[in-house]
Each structure stands twice: as C-alpha cells, then as structure tokens.
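The values are calculated or read from the model by the stated rules, or taken from the named source; none is laboratory data. Please read these numbers as outputs of a predicted model, since none were measured by experiment. Cβ placement follows ideal geometry from the backbone for every residue including glycine, while neighbour counts extend to all protein chains displayed.
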Amino acid sequence: MFKKSQPANEQSETRPETSAPVVKYQRPKILLIDLEADVKKALEMDGYNVAAGTFE
Amino acid sequence: MLQREHLSSPYTVRKASAYQPVVMKASLPNYTEQEIVVLDLVPDDPTPDPPAEKLVPMEELDWWENCNTGVIDPRPRAMVTFQNEFDRIYQNGGVFIIFSDGRDNQDFVLARKSEYYGFSIQEQLYYDNWSFLSTLSNLSITRDHGEEITAAREDWPLIRLLKDYLDGATFCCTFEAHRQIEKQWAVLATNKYGEAVAGYITPPEKSKGGWIFLLPRIHDKAGLLAAFLKNILPDLAPALFPHAEGQRWVHRNDYELPSVLEKAREISAIQDAAAKKVTELEKAIEAERNANKFLYDLLRETGANLVVAVQKALTLLGFTSIVDVDAEMKKAGKHAALREDLRIHDISPVLVVDIKGVAGKPADPEALQAQKHAFIYIQEQNRADVRGLTIINHQRLLPPLDRDNVTPFRKEILDNAVQLQLGLMTTWDLFRLVRGFCRHSWTPDQVKPLFYGAERIFPIPRHYEYVGIVKQIWKEAFSVQIKNGTLNVGDRISIEFPVDFDEQPVASLRLKDADVKNAIVGNEIGIFRNEASPKVKIGFSVYRIKSA
C-alpha cells in the first residue's frame, strides 16, 4: 500500500514562510521519519524540538 | 495543507525474476541522540528512478533485491543501518510512535556482480520494513486492511485520546505479540474481528527501557501527536519532559490544595458511578433484547425460528390455543414437512397458519399454501369452519422500511385470497401490530379479529376508524382532509407513522379560522398538536379511536 501523492495544485497554496518557530522545550528531542510536513509544523508551533528525516 | 517534508519513496524497476541493486539515501539528523521517534511506515508512491547512485562498485558485496514486484523498497536497508542506535535509544527510555503498515516479505540478498563470475549471491538477508527496532521481531504483523476500528473498553487516557482521532482512520495490518513480549503488550484498538490494530509495548520489567506505540492510519496525525505529547506521554515517560515535570510536581498529592484534591475525588467518584451505571444499563439492554428476541426475529428470520417468533407474537396478542403442528406431528410419529406451521383454535373458525421468510416477494404457491393445508384439515376433521392465514417475512434481507410494503403480494394473489377467504399478512405488519398493542395497551378483542379477515391484513386495530389523511402542517397544528365518518371535539385520534401509531386527544377543531365542535366528510379540519410530539407528515393516515 502506498500513500497518495499530493496534487500539484495544492503545492501552490503554501503560505508564505513566517519566522522560524521558537523551540520552547529543548527536551524531548523528537525525530519524525517520513511524516507529512504539517506534523512537524504543528509540533514546532507547540514549542517542541523537532527534526524530520527519511529512510529513503 | 499537507506537504511532505521528506519523501520516502520506493522506486520502480523493470519487473523480472532477477535482482537489482538496492540504492538508498537515508537522512536522519542527529538520530543518535533523539528521544522520541515517530515513524510513518506507509511509503509514498514509487518514483521512476533510484534516489541516488549505487553506493559501491558492482564487483563489491552489496544489497540487491528481487525485481519480481517491479518495485524496490530501499527502506529496510536504511532501517538496518540505524537499528543499533535505535535499539540503544529504546533501551534508554526512548519512545517510538509508529503509524503502521503491513510487514513486507522482500527478497533481499547480499551479492556482487562481475564480468568474470557474473551475478553471485553470498547470503540471503532477512530484513523488512519493520527492521528499525530489533524488539519488533517479537510481533506478528499481518497485512490487513479496513476502516472499522473499535477502541479498547478500558477507561485509559490514551484510549480516550485515540477514540477522538479514529474518525476516518484505517488500518493496514494486525498485531499479535509473541511469548517474549506477551506481558508487555496491550491492545488499544481492534478490527471488527477482534484482532489488534493498535497497541503498545510497555518498558521491560526492572529496566530503564522505553515505550513503543503502534497506531493505525490516523487522518489527523498532527493533532493526535500534539495531544499525545501534551497530555499522555509526560505521565508515562516523565524523564523525557523535564519542563512538564518542573511544573507538575506542585500538583502531586503531597503539595496539592486540599480543595483541589477533594474536587478530583469527586470527579473520580462521578466517573466510577457513571461507569457503573453504564455497565448496568448495557446489561439491562442485553436482557431486554433477549427477552424480546422474537420481535427482531419477525423481521429477519425464516424457517423454524420465524415460526417460533410468530407464535410468541400471537400469544402476546392474546391467542391462547395455538398448536405447533410440527411438534404435534412429531409426537404422533408423522411427517410434518407437508403441513401447516400453526393452528389457532381460540374460536370458530380454526385458523390454519403457514409462515415463511423469503428473500424476495412471495410466489403464488408460497402465498396460497395455507389454503391448501386448510383443505387438508377440512378433509381430516370433516368440518367446514376452517380458514387459511399466510404470514410472510418478505424481502427479509432488507431493513423493513426499505421493503415494498405497499404491494408485497401480487394482485392475482390478493384476488385469489378474496375468493378463498384466505388472510395474507406480512411479519412487518405483525411487528407493527405488536408494537401498537404494547405501546397503547390495546386489548386482545381489538386485534384478534383482524386475523380472521380475508385478503391483506393490515395492522389497524378494530377500534380505529379511518378518518382521512394529513393535508397541511403548521408548527403546532395540522389539518386532516376528512374522507370518512365524523370527528368531534373530545375524540381521540391516532396518526399512522411509518412504524408506530401516535395517539392524541382532539382538544379543539378549527374550520376556516373558526372553532367548531365537529367535522364531517369533505371538511379540511385543523387540529392542535403538541410541538414536542413526533412530527407528522403530509399524507399520513388519521384514525378516530372508537370508545369501548
């Protein structure tokens, strides 16, 4: 089973970059592997120390 | 919007029974010191090309994968590369949260290819898309798919949280713990067959090990993870959340305000009492359903079960002398297959009852068989006061309101029934009659005579007199087009809903904006109706309830 690819027209709806979120909590260190970008953004907005990576 | 920061994509190759190099390009920043690792194991769509160049020359030993599926998934190779470090994170209290996928059986080998020796395999590699943590080899992970997910019944914060995010969730696999981790394994949610589709592995006893959470395909992963990190994990793994502990210790029982503790106790007592009450009500529902199982059986069963259900319904309606012909024939040592199902001897005439459940509408022999059996009984007993009655559970595989309840019997069957003085009834109408009997305390004298009628038998008790149909509706009133009889202030009426009848008094009558005392055929008369009562619809039939 594969994930659905994102339609190209949705890419253009990306909001303009705002200032980088402030890390409120240095710990725990959180690594997201192969998750959608909105997950990282949501956790960063909550102040977590998040890194994203891939097994590609 | 969703946008994947990093794409983990298998890549396509020409489908063949041959091996191709496994090319990977993993990127896990500062992975050795991470404390919470969240993985989504469902890969993205395959890309047309490998993500990078082959890592070593063809002549050197390297990973190769069989191309028989036309796709090479390089992730297991990357996972094995990081396995030792991830094991170390886990053994030191790290947490793994995994959005699951089925375990793939990929055919990996360690091999080389040279001009002189050709392609030569040195060994088979037994790794897969769950090889990032060695302890996960203690789980049976079976590929499965579905969207019916039921959270476990335990009242645990994580289960309550998971319930909030199960809308739109699907699962790709089921889990079963091997003996080695049986005591650490707990189920969070199951599929419709009771197999685990979500669960967690607690830290091994007397260890400083971490937690592993296995979750299905959650639609709002960001929301779930944010709530999980905020409300659940700090309590399970406090060492990972120094900020949370720093604020939370003041709320430990030792330091908490007595008034807060009292309120917390009250909450706990309310939750316990509510849980107890829910359990009691669930048991009561179960008992109620079992006691009235025959009502459900009227709508879904066929054969002997339907006969039992009809017999119970007739008994409830007041019939006292019902013979189970099957039992009677067996007792007499005779073959019962060619005879009626029930006989009713309450009064003359005797009713010979045939009962059937059919997937469609009844064919002529099915509808008219009761009359054939009635003739046999007439011959046997040498008496003329015998009538047939057919009771059919038609289109029984459909919910009753989706069935054709207007013409369940063909016109030719109805014409024959008139000539033969045969009664025809559906179990849906019998069901409605029983409901009305119980709900409105009808008496046996008001319903039993119905069963001695010819042609189609409707569930309208004898003390109901048809008046007309609902013509217009207002917020607190409706009008009836009077087609039969009269209607007077002080009468009681009954409105026929698709399932039940609703009875109400006639407190006043309005005709052309004036109060009147009675209404006759031809009048469209307005009747007050309590706004809180079930909403009537145009076309519903209305009956006057005749006094005893």
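Kindly list the number of the only condition in (1) assigned to a loop (DSSP other than H, G, I, E, B); (2) buried (at least 19 other Cβ atoms within 10 Å of the Cβ) that fails for B:V499.
Every condition holds for B:V499 apart from (2).
I'd like the full set of residues that are among the small types (G, A, S) and touching a Gly at 6+ places or on another chain (Cβ under 6 Å), limited to the stretch B:399-453.
Matches in the stretch B:399-453: B:G423, B:G453.
Only one of B:R432, B:R387 is assigned to a helix (DSSP H, G or I), among the basic types (K, R) and under 27 Å from B:F501 (Cβ atoms). Can you tell me which?
B:R432
Scan the stretch B:47-83 residue by residue and report those that are among the hydrophobic types (A, V, I, L, M, F, W, C), within 14 Å of another protein chain (Cβ to nearest Cβ) and touching a Pro at 6+ places or on another chain (Cβ under 8 Å).
Scanning the stretch B:47-83 gives B:W63, B:V71, B:I72.
Let me spell it out: the conditions are (1) modelled with pLDDT under 95; (2) surrounded by fewer than 21 Cβ atoms within 10 Å (Cβ to Cβ); (3) in contact with a strand residue (DSSP E or B) (Cβ under 8 Å, 6 or more places away or on another chain), and B:I322 meets all of them except one. Which number is the exception?
Answer for B:I322: the failing condition is (1).
Check whether at least one residue in the stretch B:63-79 is touching a residue at least 12 places away in the same chain (Cβ under 8 Å), at positive phi and not polar (S, T, N, Q), and report yes or no. Steps first, answer last, please.
Step one: list which residues in the stretch B:63-79 are touching a residue at least 12 places away in the same chain (Cβ under 8 Å), which gives B:63-79.
So of that shortlist, the ones also at positive phi come out as B:70.
From what's left, not polar (S, T, N, Q): B:70.
Taking every residue of the stretch B:63-79 in turn, at least one turns out to be touching a residue at least 12 places away in the same chain (Cβ under 8 Å), at positive phi and not polar (S, T, N, Q).
Given (1) exposed (fewer than 13 other Cβ atoms within 10 Å of the Cβ); (2) touching a Leu at 6+ places or on another chain (Cβ under 7 Å), identify the lone condition not met by B:I355.
(1)
Being more than 7 Å from every other protein chain (Cβ to nearest Cβ), under 18 Å from B:I212 (Cβ atoms) and β-branched (V, I, T) is true for just one of B:V109, B:V95. Which residue is that?
It is B:V95.
Considering B:N405, B:N416, which residue is over 29 Å from B:N292 (Cα atoms) and either part of a loop (DSSP other than H, G, I, E, B) or touching a Leu at 6+ places or on another chain (Cβ under 9 Å) (or both)?
Working: B:N405 fails: over 29 Å from B:N292 (Cα atoms).
Exactly one residue qualifies, and that residue is B:N416.
In this structure, does B:Q271 turn out to be in contact (Cβ under 8 Å) with a residue 12 or more places away in the chain, under 30 Å from the mean Cα position of the chain (by Cα) and over 30 Å from A:E36 (Cα atoms)?
yes
Which residues, counting only those in the stretch A:27-56, are more than 18 Å from B:D220 (Cβ to Cβ), more than 7 Å from every other protein chain (Cβ to nearest Cβ) and of a type in the set (D, E, K, R)?
none
Is it true that some residue in the stretch B:298-305 is of a type in the set (D, E), surrounded by 11 or more Cβ atoms within 10 Å (Cβ to Cβ) and in the same structural domain as B:K356 (by TED's automatic domain parsing)? Reasoning before the result, please.
Restricting attention to the stretch B:298-305, the residues satisfying the condition of being of a type in the set (D, E) are B:301.
Narrowing further to those that are surrounded by 11 or more Cβ atoms within 10 Å (Cβ to Cβ): B:301.
In the following step, the residues that additionally are in the same structural domain as B:K356 (by TED's automatic domain parsing) were identified as B:301.
Yes, the stretch B:298-305 contains a residue that is of a type in the set (D, E), surrounded by 11 or more Cβ atoms within 10 Å (Cβ to Cβ) and in the same structural domain as B:K356 (by TED's automatic domain parsing).
From the list B:S494, B:S479, which residue is closer than 26 Å to B:T427 by Cα, part of a strand (DSSP E or B) and of a type outside the set (D, E, K, R)?
Just one listed residue meets the conditions, B:S494.
Mind counting the residues in the stretch B:291-308 that are under 21 Å from B:S441 (Cα atoms), without any contact (Cβ under 8 Å) to a residue 60 or more places away in the chain and part of a helix (DSSP H, G or I)?
Of the residues in that region, 4 qualify.
When the stretch B:309-326 is examined, which residues are found to be within 17 Å of B:L433 (Cβ to Cβ) and either small (G, A, S) or part of a loop (DSSP other than H, G, I, E, B) (or both)?
Within the stretch B:309-326, B:A309, B:A313, B:L317, B:G318, B:F319 meet the criteria.
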